[in-house]
Each structure stands twice: as structure tokens, then as C-alpha cells.
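Q: One structure, as C-alpha cells, below. Some questions next.
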Ligand SMILES: [Zn+2]
């Protein structure tokens, strides 16, 4: 690709106010442009990197025995009404009405469409197990989109859905995804760790999140160096000391959804004054869709933390409702827990019969009995992964792409006196199957070097009168900065062998 032909230019400064360095670089280097809050266009370089990431994902999903399909972005509301999520999820779900007055939703995920497919296509245990995946757009109307692609409203996901006859089958597919996700992130060049997680709006029985540790993350993790315990703060447990000083009460209105009806209950939570309340745990205990703080209302339910001793007031329910904090004691091994900030880049859920049960996706087993299909769902945020890669692979000059996900592996710069040689090398590299970004623009050397640093392709080739006098082409590795001069006659071999070893 010739840079003179690119639709966009690089920018000296990021056009929008964002404090996230990786996102600033994606904007400045011309990988993405913002269209609306939390909505982006992917320009040529950004789209190329997405394609590289998606190719790795397809290979790993195919290796699991997955079959690629594509489900739609727009769903009939009836499917979401059948699963109940039409009522359970509030303004985050995109809703629209077509010209005939029929309600539709924009895909927030695809459990309903897959369960609908399964109830039409799967009849017998002989058709199980199944694994289907797609790479598709989602819409989630986040009230606070931020940090660019880290928390956008429109985003791309790789999501897959497993169908099994029993829990043992689900266990196998869950573990296979767990392992495959580590391979995908390793191949893309992003360090992640897996933590126990909240099942959230997907429902189900067990979930893990894959986390990239970074100060820009919105999730807080509790980590134990003693035994390896790792959990999202939303679900993290900790050992509560026997003697606790003082109590505090916190009052909430819990919004419950029962079928299509919404009900409210006033809940007073009681816990040690040294603890913070964990609203995710509280929500699960109450089976509430939402909690909002209130004060001085008549209490319907007194909920007391299980670590509290010496509470002499009313008790309707006892449960763990306290949030683990830095320095709290690990339940498993007694070592202190530490906290870290992270971005969630993927999650996997054991859905069980959460969707097949409510939507009637059943099969007939070997004993001729109808059973609900046992489902799992698994997802990686493709565009969020792009954002995390930019955050992780950068320096003062710009982005520093790993070879496997770089939009182009090679950046060829033609400077004064080197134009003819550069043009010839460009053609030779293309013929050798090397993808090249060729800076053929009529710009000063400083501009070209700055842009090359900003865009951050792995191997920079500079051809100038000076390099030719020195014996050929100046070769610089973006990560590390080593330079060498390679003869023009053997340059293509030099580049192809470097790329082969760098992959
Ligand atoms: Zn521990």
C-alpha cells in the first residue's frame, strides 16, 4: 500500500479529549476515527490489524472443531422476550420498531438467536455436541462510553456457543475455550490472566474473565500470591476476622423482575463498619436487576453480612455482602490479598439450561426422553483487544506492533536520491509475498521518520542517497531500535528471513 493513496493522514495531536495513551496513538496514527460517542470507524491500518487478530481467532476456533456462522445484528424482540432479557436488561439494550410496528433489538449478544437456531435444528442426542462461532457487531448502549475502544457502544466480538447433551460435555467445551483463549492472546501479544467472575446479564452457573492488567482498567481484581487465588472484586471472597468493631447499615431499593413485572423492595444491609458493601453480591442475594440507594424508608428485608457478630437487631437473611479490599486475608491460604486494575478482554460462561430451558431448545436422549440442551457461551472483544494491544505495545515515539498483528510487517521509506531503488524494492517485496506500507509521499525525512515511529510497523526500510552510498538499505527494527545496512541485491531475502524468525 502506498501511503500517498491512504484516505487519511497522521495527526500531530489526538482530536478528542482522551487520557488513554494507546487510544490517542490509534487516533494519531490513523487507525481509527470517532463517529459518535462510543462509535468508531476503522481506517485501513486499523482494519488490517483487526483482520490479523480475527485470522488468529478463526484458526484457534476451527482447531476446537468450531464451525463459523453469522447471526444477524437485528433480532425480533420476541426472542428476547422468550428468554426474559427483554425485561431484565434496561436501557443498555438497543430497541427499535420497524415500519409495521414490530419491536426489534440490536444484538447485545447472541444467546437468544443461537438457542432459537438450536431449537429448530437440533432434535436428537446424535447431533450433539456442537460448537458454532461468529465474529459480529454488537450494540450496548453504555451510559458512559470512555477510553476509546476499551469501552465503546458499538463493538466487534468473537462469540461462540457450545451445545451439549450433559454437564460433562459442557465442562469439556468450557475447558477447551479456556485454553484456546490463552493461545489467542499469546499469539496476539497480550498478557492476560483468568479470574473467577460474575455471571452478570448472561446468567448461568460459572464464569471466568480474561483480564489485561493496566491502570486504565475499570475492573478491580483481588489476587493472592500465596495460593494463586484470583477473582474479580465483584465476586471475591475473603476471610472475615472473628471480632469486628461496630456496625453500619446501608439502605437500598432493590428492583426485582418477576416474569414481565417489576417490583420494588426496601432492603437494609447490615455489616461491619470496617467493610465496604459489594453491590454485585447484594444483587445476587436479592436476585435484583438493579439497586438504588435510599434512606429512611420502612425496611421490607433486613440482610446481615455473614461475618458480623454481635448484631442484636432484626435478621431476615444472612449472606456474604462485603467487598474484599487490599490487604484482606485470603480464604484459601491466609496470605494477604492485593488488588490490581484490569480491562476485561474476554469472558466464558457456563450457561447450562438458562436459555434452552426458557426458550424450549430440547433434544431427545438415547432413552427417548426430551431434555434441555446444555449451553455455554464464550466471547472475546475484538475491538477492545485492538485497544489493549495499542495500550501495551507503545513507546514515546508511538505504537510498536508485534509482527503477527501489525497492519503491515514492513514500512518502506523513500528519501531523496533513493526513490527509484525504493520503487523497485517495493515491487520485488510484493512479488515475494511481503505486505509493505510504502511511504512514497513527497515529504521531508523528519515527517516520514515521525510517522513511521507513530504507526509502529515492525521493520523499517529506508532508502536514500546516503544509505546507497553506505552500501544499500538502512534496516531498523521498531522494537529495540537495532539498525543495519543491507545490500539492495539481497534485501528481499534479508526481509523474508527476518519476518520468518520474528513470527
Ligand atoms: Zn491464597
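The values are calculated or read from the model by the stated rules, or taken from the named source; none is laboratory data. Predicted, not measured: the structure shown is a model, and the values here were computed from it. For neighbour counting, all protein chains shown are included, and Cβ atoms are generated from backbone atoms with ideal geometry for every residue, glycine included.
Q: Among 147, 186, 168, 176, which is in contact with a helix residue (DSSP H, G or I) (Cβ under 8 Å, 6 or more places away or on another chain) and in the same structural domain as residue 115 (by TED's automatic domain parsing)?
A: Residue meeting the stated conditions: 147.
Q: Further question on the same structure: Residue check, residue 421 against (1) touching a residue at least 60 places away in the same chain (Cβ under 8 Å); (2) surrounded by 13 or more Cβ atoms within 10 Å (Cβ to Cβ); (3) within 30 Å of residue 53 (Cβ to Cβ), all met but one. Which one?
A: The one condition residue 421 does not meet is (3).
Q: Additional query: Residues to consider are 237, 280; find the one that is more than 16 Å from the ligand (Cβ to nearest atom) and in contact (Cβ under 8 Å) with a residue 24 or more places away in the chain.
A: So the residue among 237, 280 that is more than 16 Å from the ligand (Cβ to nearest atom) and in contact (Cβ under 8 Å) with a residue 24 or more places away in the chain is 280.
Q: Still on this structure: Surrounded by 24 or more Cβ atoms within 10 Å (Cβ to Cβ) and under 20 Å from the mean Cα position of the chain (by Cα): which single residue out of 345, 405 fits that description?
A: Working: 405 fails: surrounded by 24 or more Cβ atoms within 10 Å (Cβ to Cβ).
Of the residues listed, the single one that is surrounded by 24 or more Cβ atoms within 10 Å (Cβ to Cβ) and under 20 Å from the mean Cα position of the chain (by Cα) is 345.
Q: While we're looking at this one, here's another question. With respect to the numbered conditions (1) part of a helix (DSSP H, G or I); (2) closer than 23 Å to residue 30 by Cβ; (3) under 33 Å from the mean Cα position of the chain (by Cα), which one is the sole condition not fulfilled by residue 430?
A: Exception for residue 430: condition (3).
Q: Which members of region 172-182 meet the condition of being more than 15 Å from residue 65 (Cβ to Cβ) and in contact (Cβ under 8 Å) with a residue 40 or more places away in the chain?
A: 178, 181
Q: Would you check which residues across region 94-120 are more than 16 Å from residue 374 (Cβ to Cβ) and in a helix (DSSP H, G or I) and list them?
A: The answer is 112, 113, 116, 120.
Q: Just for region 337-361: of the residues that are part of a loop (DSSP other than H, G, I, E, B) and touching a residue at least 40 places away in the same chain (Cβ under 8 Å), which one is nearest to the ligand (Cβ to nearest atom)?
A: By that ranking, first place goes to 361.
Q: Still on this structure, please answer the following. Looking at 9, 88, 68, 13, which is the one that is more than 19 Å from residue 157 (Cα to Cα), surrounded by fewer than 18 Cβ atoms within 10 Å (Cβ to Cβ) and in contact (Cβ under 8 Å) with a residue 24 or more places away in the chain? I'd like the intermediate steps shown before the answer.
A: Values: 9 fails: in contact (Cβ under 8 Å) with a residue 24 or more places away in the chain; 68 fails: more than 19 Å from residue 157 (Cα to Cα); 13 fails: in contact (Cβ under 8 Å) with a residue 24 or more places away in the chain.
The match here is 88.
Q: Of all residues in region 307-336, which are part of a strand (DSSP E or B) and either touching a residue at least 60 places away in the same chain (Cβ under 8 Å) or within 11 Å of the ligand (Cβ to nearest atom) (or both)?
A: Passing the criteria: 322, 323, 329, 336.
Q: Every residue in region 212-246 that is in a strand (DSSP E or B) and either within 16 Å of residue 280 (Cβ to Cβ) or not assigned by TED's automatic domain parsing to the domain that holds residue 81 (or both), please.
A: Within region 212-246, 219, 220, 221, 222, 231, 232, 239 meet the criteria.
Q: Filter region 121-157 down to residues that are at pLDDT 95 or above and part of a helix (DSSP H, G or I), then give me how many there are.
A: Looking only at that region, the number is 4.
Q: What are the pairs with Cβ atoms under 6 angstrom where one residue, in region 42-62, is assigned by TED's automatic domain parsing to the domain that holds residue 155 and the other, located anywhere, is exposed (fewer than 15 other Cβ atoms within 10 Å of the Cβ) and in a helix (DSSP H, G or I)? Sequence gap at least six, or different chains.
A: 60/183
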